Amino acid sequence: MTRRRRTFEVFTLSFLDCICCGFGAVILFYTIVSAQSGVVRVEKTDAMTAEVDRLKEQVLTGTHNLVVLRDTLDQTRNEVASASEQTNLVVTELATRKDQVSTYDSESVAQREHIEKLKADIRSLEEGNKRLRAASDERAPPGQNVDTPRKAGADRRYIVGVRMRGKHILILLDVSASMLHEDLVSILRLRNSDDAHKRAAAKWRRAVGTVNWLLSQVPQGSQYQVFTFNTKAQPLLPDTGGKWLVSGDAAQLARSMQTLQMLVPANGTSLYNVFSATRTLTPLPDQIVLITDGLPTQGQTAGLRKYVDSAARMRLFDEAVGQLPEHVPIDCVLLPMKGDLQAAHRFWHLARVTDGALLMPAKDWP
């Protein structure tokens, strides 16, 4: 019996199992590879995210620092501008100071020259006083009738050079605080003392004695008036304002001298007001005798500044002189203050241009 040949089949169950296993292995391999690459991508993504976050933080920090730097730059620019402005101010102030120094140097030279001129004028006045004293030793000036002596048994000295020659004689007496003493420190001390000490001040007693002597020398037939002044001007006797007093009235003269003894020096000095007051008399005076100690400290009214320098006082003096009536001789009796260098020259010039005289009595007069 013939053997049946077995039919050969390619796709058997075993072959299919192998094929399936192979495909399964490939899929498993692909899955493993894909999973591994996903892990790697996640790790790389995390690293890049961390790097991005770090860079963002750096950007934020840089932005903050940039704002701070801008603020610092603006502040620095402001400080530079302020420093530049201060520098300009300093340069301007320095230039001003240099100009002031130049001006002060010029004024110092002018003042030295003026002082030398004043010294020459003083020497000339001293020589004239010596000649007048020599002449007065031989005989007293005519018309010099002295009513009261300085003290019992003593000879009264005369004011040489002042001749009471007018028909209407006006005496102007300075009653400001500076009439208490020649020295500023002593003036401040006496100004705070009581009225009795002020009236007893040596310089003030000389001024009172001078007025007493002048009143005793008013010629018969002449008329007189006495004005006192500090910052304001007023007649010595308040009820005689605008009137002339008769020289022969003994009671009126005694009343004037008694009122004079009760005056107390105080306040500043205004020549402007007293020179203006000379025009209130009718008729105008034909002789004025001014008793004072220096240049004025204020004009018609008190100024804004508390202290007045020498240049301002000279300007006030010149303004006051403009208030005097014209063509009237001005005799100046000066009891000078220490340090008031301009006063002697200004009053000497006033007396000279008005045909008057300037006198500075000795400290022991009268």
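Give the span of region 213-366's Cα atoms along each principal axis, as three whole-Å numbers ordered largest to smallest.
44, 33, 30
Which percent, to the nearest 5, of DSSP beta bridges fully inside the chain are antiparallel?
In the chain, DSSP labels about 20 percent of beta bridges as antiparallel.
So which chymotrypsin sites (Phe, Trp or Tyr not before Pro) in region 254-348 are both in a DSSP loop and have at most 13 other Cβ atoms within 10 Å of their Cβ?
Those satisfying the criteria are Tyr307.
Relative to the longest principal axis of the chain, what angle (0 to 90°, nearest 10) does the C-alpha long axis of helix 202-216 take?
40
Test of the criteria: in region 307-347, which trypsin sites (Lys or Arg not before Pro) are in a DSSP loop and have at most 13 other Cβ atoms within 10 angstrom of their Cβ?
Here the sparse-neighbourhood loop sites are Lys338.
Under the 0.36 nm per residue contour assumption, what length would be gained going from the current alpha-carbon distance of Thr301 and Lys232 to full extension?
Length difference between fully extended and current span is 23.9 nm.
State in Å² the accessible area per residue of region 42-81; use a 1.4 Å probe, count heavy atoms of protein chains only, and round to the nearest integer.
Per-residue value: 90 Å².
Report, largest value first, the span of the C-alpha coordinates of region 263-349 along each principal axis, in whole Å.
Sorted largest first, the three principal extents are 38, 28, 25 Å.
Which of Ala251, Ala207, Ala266 ends up with the largest GNM mean-square fluctuation for the chain, with Cα atoms connected below 10 Å?
Greatest mean-square fluctuation among the candidates belongs to Ala251.
Give the longest segment of the chain that steers clear of GluC sites (Glu not before Pro) in DSSP loops with at most 10 neighbouring Cβ atoms within 10 Å, not counting the sites themselves.
Here the longest run is 10-325.
Residue separation times 0.36 nm, minus the C-alpha to C-alpha distance between Leu28 and Ser106: what's the value?
16.6 nm
From the helices alone, meaning DSSP H stretches of at least four residues, give me the mean residue ellipticity at 222 nm for the chain, per-run term -39500 (n - 2.57), in deg cm²/dmol to the nearest 500.
My calculation for the chain gives -19000 deg cm²/dmol from helical runs alone.
Of Thr49, Thr297, Thr278, which has the largest mean-square fluctuation in a 10 Å C-alpha GNM of the chain?
Looking only at Thr49, Thr297, Thr278, the biggest GNM fluctuation is shown by Thr49.
Please check: in the Gaussian network model of the chain (C-alpha springs, under 10 Å), which one of Arg112, Arg133, Arg54 has the largest mean-square fluctuation.
Arg54
PRE reach from Arg191 (point 7 Å along Cα→Cβ): which of region 259-300 fall under 14 Å by backbone N?
Taking a point 7 Å out along Cα→Cβ of Arg191, the residues of region 259-300 whose backbone N falls under 14 Å are 265-270, 297-298.
Can you give me the % of accessible surface on region 288-334 that is carbon or sulfur? Probe 1.4 Å, all protein chains present, nothing else counted.
53
If you line up the long axis of helix 341-353 against the longest principal axis of the chain, both from Cα atoms, how many degrees apart are they, to the nearest 10?
With both axes taken from Cα atoms, the answer is about 50 degrees.
Could you name the lysines in cross-link range of Lys56, using Cα to Cα under 29 Å and dropping any fewer than eight places away on the same chain?
In chain and number order, the partners are Lys44.
Hey, what angle do you get for helix 250-261 against the long axis of the chain, alpha-carbon based, 0 to 90 degrees rounded to 10?
The angle comes out at about 30 degrees.
What whole-number distance in Å separates the alpha-carbon centres of region 175-190 and region 310-366?
If you average the Cα positions of each part, the centres end up 19 Å apart.
Treat each spin label as a single point 7 Å out from the Cα along the C-beta direction, and report the Glu85 to Leu69 distance in nm.
For Glu85 paired with Leu69, the spin-label model returns 2.8 nm.
Rolling a 1.4 Å sphere over the protein heavy atoms, what is the accessible area per residue of region 241-366, to the nearest Å²?
Solvent-accessible surface per residue comes out at 49 Å².
The values are calculated or read from the model by the stated rules, or taken from the named source; none is laboratory data. Given the structure is predicted, the values throughout are model-derived calculations rather than measurements. Virtual Cβ from ideal backbone geometry, glycine too; neighbours counted across all protein chains shown. Side chains are part of the model used for accessible areas, which takes the heavy atoms of the whole protein and leaves out ligands, DNA and RNA. Shrake-Rupley method; radii C 1.70, N 1.55, O 1.52, S 1.80 Å.
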